[in-house]
Amino acid sequence: MIIARTAVELSAALDSKTGSVGFVPTMGALHIGHRTLIEKARVENDVVVVSIFVNPTQFLPGEDLSKYPRREEADFKICELSGVDILFYPEVGTMYGKDEVSIKAPDVRGYILEGAIRPGHFDGVLSVVMKLLNMVRATRAYFGKKDAQQLALITQMGQNFFMSVEIIAVDTVRESDGLALSSRNVYLSQEDRVEALKLSASLKRATHLVMQGVRESNEITKIMLEILQPLSVEYVTVVNRRFEAIPEVIIGDTIVLVAARVGLTRLIDNVWM
Ligand code: PAF
């Protein structure tokens, strides 16, 4: 595995390879969810590139940028064992300069739900993803469905900027008790972890309701909110794949989303129907 720390090193590493490039961008603290993305990239491409970069521009003031889990050694090992060809591990100075051209998330879709709670977050995500996709010369890029709004916006960016990269959505990986894997799960205390299961439990209930024939979004979110008690819920909503709120579930074009605070930790989860 080649470890590239600068743009020049990355370019040289890519020049030494041929064929399609499967890219998995990450912020490190890798878990089985990331490994699933890497495995899919491995199967579908000649070359696999993973980036590890805790992108400062997607954190709002007061968020967890300084305490975001960093596990360089373990992450490098995981990448090596997963068959990654090139690991890109840049410094902030490699990724950002002064007075740059910037990418702005769309006014509506970028500023609802996650974007309403974290205004400007998606500007930072889209900027860094645009830079990384270009630097890595990605043929395909792999993103988890857990960050559904991020995935939708990156897909939209690809379309709006006529980018040739193929954006691939990969299913959320869960613990055996249902908790969606996330690098931020390390913040959860034992008690928090039990409470956190309410997110996946509420989504499981939503799925059962739909299987029983319930379609009204209000009915579904009402029952989910009961299950989520007494968590501090930020939103529970039913949207289509374009992130427009919909009054009724449309099978094949619906995502049910939840965001809540468990102790001091913000968690998000969703189910695609
Ligand atoms: O999902 C993430 O880990 C990040 O938002 C990403 C896509 C790597 C951009 O920093």
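The values are calculated or read from the model by the stated rules, or taken from the named source; none is laboratory data. For clarity, every value in this text was computed on a predicted model and none was experimentally measured. Every residue, glycine among them, receives a Cβ derived from its backbone with ideal geometry; neighbour counts consider all protein chains shown. For the accessible areas, the whole protein counts, side chains as well, though only heavy atoms, and no ligand, DNA or RNA atoms are used. Shrake-Rupley method; radii C 1.70, N 1.55, O 1.52, S 1.80 Å.
Overview of values
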quantity: Yes/no for V49 being closer than 18 Å to V129 by Cα and modelled with pLDDT of 95 or more; calculated: yes
quantity: Every residue from the stretch 41-66 that is surrounded by fewer than 17 Cβ atoms within 10 Å (Cβ to Cβ) and aliphatic (A, V, I, L, M); calculated: V43, L60, L65
quantity: Condition broken by L199, with the remaining ones in (1) touching a Pro at 6+ places or on another chain (Cβ under 8 Å); (2) open to solvent by less than 10 Å² (accessible area, probe 1.4 Å); (3) among the aliphatic types (A, V, I, L, M) satisfied; calculated: (1)
quantity: Failed criterion for S82 (all others in (1) within 12 Å of the ligand (Cβ to nearest atom); (2) crowded, with 20+ Cβ neighbours inside 10 Å hold); calculated: (1)
quantity: Yes/no for V233 being open to solvent by less than 70 Å² (accessible area, probe 1.4 Å), part of a strand (DSSP E or B), β-branched (V, I, T) and touching a helix residue (DSSP H, G or I) at 6+ places or on another chain (Cβ under 8 Å); calculated: yes
quantity: Among (1) open to solvent by 10 Å² or more (accessible area, probe 1.4 Å); (2) modelled with pLDDT of 95 or more; (3) more than 18 Å from L151 (Cβ to Cβ); (4) more than 10 Å from the ligand (Cβ to nearest atom) - the single one P69 does not satisfy; calculated: (2)
quantity: Hits in the stretch 169-187 (condition: away from the ligand (no atom under 13 Å from the Cβ), open to solvent by 20 Å² or more (accessible area, probe 1.4 Å) and within 28 Å of V129 (Cα to Cα)); calculated: D171, V173, R174, E175, N185, V186, Y187
quantity: Any pair with Cβ under 6 angstrom, 6 or more apart, that starts in the stretch 102-124 at a residue that is more than 19 Å from S232 (Cβ to Cβ) and small (G, A, S) and ends at one that is within 16 Å of the ligand (Cβ to nearest atom) and open to solvent by 30 Å² or more (accessible area, probe 1.4 Å); calculated: A105/D123; G124/T57
quantity: Test: residue in the stretch 174-182 that is over 19 Å from the mean Cα position of the chain (by Cα) and either in a helix (DSSP H, G or I) or β-branched (V, I, T) (or both); calculated: no
quantity: Hits in the stretch 139-156 - residues which are over 11 Å from the mean Cα position of the chain (by Cα) and either open to solvent by 10 Å² or more (accessible area, probe 1.4 Å) or away from the ligand (no atom under 12 Å from the Cβ) (or both); calculated: T139, R140, T155, Q156
quantity: M163 being of a type in the set (A, V, I, L, M) and within 14 Å of the ligand (Cβ to nearest atom); calculated: no
quantity: Pair list, Cβ under 8 Å, 6 or more apart: the stretch 22-39 residue farther than 13 Å from R140 by Cα and open to solvent by 30 Å² or more (accessible area, probe 1.4 Å), other residue near the ligand (Cβ under 9 Å from one of its atoms) and modelled with pLDDT under 95; calculated: M27/S183; H31/S183
quantity: In the stretch 213-230, the residues that are surrounded by 15 or more Cβ atoms within 10 Å (Cβ to Cβ) and among the basic types (K, R); calculated: R215
quantity: Test: residue in the stretch 86-93 that is farther than 17 Å from R5 by Cβ and either at pLDDT 95 or above or open to solvent by less than 90 Å² (accessible area, probe 1.4 Å) (or both); calculated: no
quantity: Tally of residues being more than 13 Å from the ligand (Cβ to nearest atom) and open to solvent by 10 Å² or more (accessible area, probe 1.4 Å) across the stretch 109-134; calculated: 9
quantity: Helices (runs of 4 or more DSSP H) contained in the stretch 1-106 and holding at least 3 residues closer than 23 Å to L188 by Cα; calculated: 32-44, 72-81
